[in-house]
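The values are calculated or read from the model by the stated rules, or taken from the named source; none is laboratory data. The structure displayed is predicted, hence computed values, not measured ones. Cβ sites come from the backbone with ideal geometry, for glycine too, and all protein chains shown count toward neighbours. Protein only, heavy atoms only, side chains kept; ligands, DNA and RNA dropped before computing areas. Shrake-Rupley method; radii C 1.70, N 1.55, O 1.52, S 1.80 Å.
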Amino acid sequence: MLREYTHYSRATFYRIANKLWNTERGSIRLNHKHEERLFVDYTGKKLSYVDKQTGEQILVEVLVTILPSSQYIYVEAMHSQKQEDLIHGIMNALEYVGGCPKSIVTDNLKSAVTKAGKYQSVTNKSLQGMALHYNTTIDPTRTYHPKDKALVEGAVKISYNSIFYTVQKQTYFSLTELNTAIQKELIALNARKLSNCDDSRYDRYQKEKPHLCPLPVHRYELKQYRKAKVQKMGYVLCNGYKNYYSVPYRYIGKQVELRYDTKTLEVFYQSERIALHTTSQAKGQYITLPAHLSSNHKADTKWSPEYFSQLAATHSTEIQTYVDELINCKPYPEQAYKQVQGILALVKIYTVERVSKACILARQHHRRSYRMIQEVLANNQDLLEGQGPESQGDIQIPQHDNLRGADYYQ
């Protein structure tokens, strides 16, 4: 006997199953403590202002934050939801409430979370650095769980009714003007009495404010993070400022991470800081720390007439005098550096005494060069006595019949 089966579509099956087995899920009311959290979210709707020069209407994002215990709200318009705008908006919110909570609860937007997860999300390093500076933590909500931030969702709806409705009635010509109007309506919103209560958000905030952690002395400087490879010359390129910064030479060819702001630049290798520089605003500069160079490169950076003069003085005064004269006779001192190195290298082949004598003999000629010292030593002229020009003046030409006397030319 064949049985007849009824086939349902997936949507119909889920609808029937929910009707048969669906049970209402209850929710719990959370009692938030003072200084515990600060909820952060962006509104779905946008505000705008008009560019005076072009007449273009520029849409802007709106950030909303709320202290859950006192329900104290902060609203700010900004150009985008990018990382820089988000971090500056959170810092402005902390300064508005005058303290830091234990944690900041954000949504899983790209500017805050690099990898979202149900049980653990990974926040970006810039946001983590900001939280560390303000002695707080970042706690992203679970994905697809809007109940985790129900209070800030409610604050967004309140902002639509109490702020957006009034602000949109006027035209603004800058973001500053728009935020000024928002702040005016925000003060009235926080001062308004809550329903079924005798106090306002501002009254509750005054009770919560003493429990917040104090703000740091200095405002957080937003840091950027980049990956880079150490070049053969021992420098890394910072794309933010188009400058090159030195790294210890033993890290040449390694992959490193840069962390920089407008004041400092740090270089990390395997989570260990290996270099610290002061950020240069001029583009195309090579910023070098002498400690990062190898011994050979350190010597190159010290090259100067004084350096070679002192180096020659360690051997003898005669060599120093000849080296000084050799450098001074060149239009550019750099032209003589290689010859000076050659003369100093002759000390290793010959003795200091022989090179010193060779310098004395070579100084009797008007020219100064490395080759002259080399030929004197190669021909052992420094070992012979009476070979100088002053001794040649004493040599007498012998008398001969073929020689014409001076009288012949009269």
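Before moving on, here are some points about what is shown:
- Beta-bridge orientation, segment 1-144: approximately 75 percent antiparallel, per DSSP, counting only bridges with both partners inside.
- Antiparallel DSSP beta bridges within the chain, percent to nearest 5: 85 percent
- In segment 260-367, the ratio of gyration radius to Kirkwood radius, Rg to Rh, stands at 1.20 when only Cα atoms are counted.
- Degrees separating the helix 334-349 axis from the principal Cα axis of the chain, which is the longest one: 60 degrees
- Cβ-Cβ FRET estimate between residue 9 and residue 142, R0 fixed at 35 Å, reported to 0.05: 0.70
- Computed from Cα atoms, the angle from the helix 10-21 axis to the main principal axis of the chain rounds to 60 degrees.
- Against the empirical 2.2 N^0.38 Å (N residues), segment 86-154 has a Cα radius of gyration ratio of 1.08.
- The dipole here belongs to the chain: it is taken about the Cα centre, uses +1 on the Cβ of Lys and Arg and -1 on the Cβ of Asp and Glu, and is about 2560 debye.
- With the simple spin-label model, which puts each label point 7 Å out from Cα in the Cβ direction, the residue 341 to residue 198 separation comes to 9.0 nm.
- Measuring with a 1.4 angstrom probe and ignoring ligands and nucleic acids, residue 79 comes out at about 100 Å² accessible.
- Note on the chain: dipole from Cβ charges, positive end direction compared against 369, 269, 65; the farthest Cα belongs to 65.
- P(r) tail fraction, segment 178-305 - alpha-carbon pairs more than 18 Å apart, %: 67 percent
- Amide hydrogen neighbours beyond the local backbone of residue 174, cut-off 5 Å, H modeled: 50
- Charge dipole (debye, nearest 20) of segment 48-175; +1 at Cβ of Lys and Arg, -1 at Cβ of Asp and Glu: 420 debye
- Annotation: aspartates and glutamates with alpha-carbon distance below 18 angstrom to residue 207 (same-chain offsets under eight excluded): 35, 36, 95, 198, 199.
- When every Cα-Cα distance of the chain is counted in 10 angstrom steps from zero, the calculated P(r) takes the values 4, 14, 15, 14, 12, 9, 8, 8, 6, 4, 3, 2, 1, 0, 0, 0 percent.
- For segment 150-210, a Kirkwood hydrodynamic radius built from all Cα pairs, placed in the Stokes-Einstein relation at 4 °C and 1.567 mPa s, yields a translational diffusion coefficient of 100 µm²/s.
- Each of 247, 236, 170 was scored by the projection of its Cα onto the charge dipole of the chain, and the greatest displacement toward the positive side belongs to 170; charges sit on the C-beta of Lys, Arg, Asp and Glu.
- Think of the chain as having a plus end and a minus end, set by charges on the Cβ of Lys, Arg, Asp and Glu; of 331, 284, 117, 117 sits farthest toward the positive end of this dipole.
- Whole-percent carbon and sulfur share, accessible surface of the chain, 1.4 Å: 50 percent
- Unsatisfied cross-links (Cα-Cα over 32 Å) in the set 254/330; 52/263; 125/209: 254/330; 52/263
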